[in-house]
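K.L.:
The structure that follows is given in the form of structure tokens.
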Amino acid sequence: MTLSSAIVLLHSKEDTTGSLPAILDEHALDIDIRYVDDTLPDPGDDQLVIVMGSIESPYDHTLPWLSGELAWLKSLIERNHPVFGICFGSQVLARALGGETYRNHAPEIGWTPVETTDPALLPSGPWLNFHFDAFTAPPAARLLASTSMSHQAYIHRQQMGMQFHPEITPAMFDSWLAAWEQMASGRQFLADHPDIPGRLRQEIADNEVDNRNRFRQVFSAYLNRVSRAS
């Protein structure tokens, strides 16, 4: 399969894509931004689908768009279309593949190494985790990585999900802070953890180059897998 572009699904007009556009450009993949509350597209055979993160929970069926996104992902899985899920994207993709999602017993926040079963596809990190929810790897998928707190990554044919944020940049983190400031729960979280904004943003800046190189490795290995499967 030769890919020419990537449909990137965002869950809010305020969401950003971090280093993803630069990574796609390195592979000569055009980027096609779509939003989950619009009509979801029917991807062509040459289009990768990338499902991004969200402040929402993948089991919250009060979300008006969640059932449609799940149905869309299931239709892509049925035809073995390549799908790459990040954070919330990995969680909702896991659900579509038959895995479970749930509120974790505690937030997993910060730069964490992961135990990886396939270092050639997924290096051990450190990777930035920032999530309150978690998934169990789908039954038919191969678990690629985990921490003591949660499953971190899996692969299923041409679908791959990762709980952490390989695309994180300081500007992306700033957009998260802006979103949290608009929510009562977000403001409370920041008040309870006043060290996080400054400390974590500095760590993101300090790790940006190495993190992008790790993302480059993962994404290249995934694209090679997709191309071999055609």
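K.L.:
What residue among THR117, LEU73, GLY18 has its Cα farthest toward the positive end of the dipole of region 1-133, where the charges are +1 on Lys, Arg and -1 on Asp, Glu, each on the Cβ?
P.N.:
THR117
K.L.:
Could you pull the Rg and Dmax for the chain, using just the Cα atoms, both in Å?
P.N.:
16.4, 50
K.L.:
Once amide H atoms are built 1.01 Å from N in the peptide plane, which residues 5 or more positions from ILE50, or in another chain, come under 5 Å H to H?
P.N.:
Amide H neighbours of ILE50: ILE7, VAL8, LEU9, PHE84.
K.L.:
Here's a follow-up. Name the residues whose placed amide hydrogens come within less than 5 Å of the amide hydrogen of GLN152, ignoring near sequence neighbours (fewer than 5 apart) on the same chain.
P.N.:
Hits under the 5 Å cutoff: ALA145, SER146, THR147.
K.L.:
How about region 1-103: which GluC sites (Glu not before Pro) there are in a DSSP loop, with at most 10 other Cβ atoms within 10 Å of their Cβ?
P.N.:
Filter output for region 1-103: empty list.
K.L.:
Separate question: What is the spread of the Cα atoms of region 30-147 along each of their three principal axes, largest first, in whole Å?
P.N.:
37, 34, 28
K.L.:
Another question, if that's okay. Applying the Karplus parametrisation 6.51 cos²θ - 1.76 cosθ + 1.60 with θ = phi - 60° to the phi angles of region 132-143, what ³J(HN,Hα) value in whole Hz is obtained for each residue in order, glycine and proline being reported as x?
P.N.:
The phi angles translate into 10, 9, 8, 10, 9, 4, x, x, 8, 8, 9, 5 Hz.
K.L.:
Let me ask another. Restricting to DSSP H runs of at least four residues, report the calculated mean residue ellipticity at 222 nm for the chain, -39500 (n - 2.57) per run over all residues, nearest 500 deg cm²/dmol.
P.N.:
Result for the chain, helices only: -12000 deg cm²/dmol.
K.L.:
While we're here: Residue by residue through region 90-106, which ³J(HN,Hα) values in whole Hz follow from phi under the Karplus form 6.51 cos²θ - 1.76 cosθ + 1.60 (θ = phi - 60°), with glycine and proline marked x?
P.N.:
5, 5, 6, 5, 4, 4, 5, 8, x, x, 10, 10, 6, 6, 6, 5, 7
K.L.:
Can you tell me what share of the DSSP beta bridges in the chain is antiparallel? A percent to the nearest 5 is fine.
P.N.:
50 percent
K.L.:
With a probe of 1.4 Å, find how much accessible area region 1-150 has per residue, and write the answer as a whole number in Å².
P.N.:
42 Å²
K.L.:
What number results when the radius of gyration of region 98-174, computed over Cα atoms, is divided by 2.2 N^0.38 Å?
P.N.:
It is 1.07.
K.L.:
Report, to the nearest 10°, how far helix 66-78 tilts away from the longest principal axis of the Cα atoms in the chain, using its own Cα long axis and a range of 0 to 90°.
P.N.:
Approximately 40 degrees, to the nearest ten.
K.L.:
Note down the net charge around PRO138, summing +1 for each Lys or Arg and -1 for each Asp or Glu among other residues with Cβ under 13 Å from its Cβ.
P.N.:
+3
K.L.:
Please turn the phi angles of region 156-170 into ³J(HN,Hα) values with the Karplus equation 6.51 cos²θ - 1.76 cosθ + 1.60 (θ = phi - 60°), one per residue in order, whole Hz, x for glycine and proline.
P.N.:
3J(HN,Hα) across region 156-170, in whole Hz: 9, 6, 9, 10, 9, x, 9, 6, 7, 10, x, 8, 5, 9, x.
The values are calculated or read from the model by the stated rules, or taken from the named source; none is laboratory data. Since we're looking at a predicted model, the values are computed, not measured. Reconstructed Cβ throughout: ideal geometry from the backbone, glycine too, with neighbour counts over all protein chains shown. Just the protein is used for accessible areas: all its heavy atoms, side chains included, with ligands, DNA and RNA removed. Shrake-Rupley method; radii C 1.70, N 1.55, O 1.52, S 1.80 Å.
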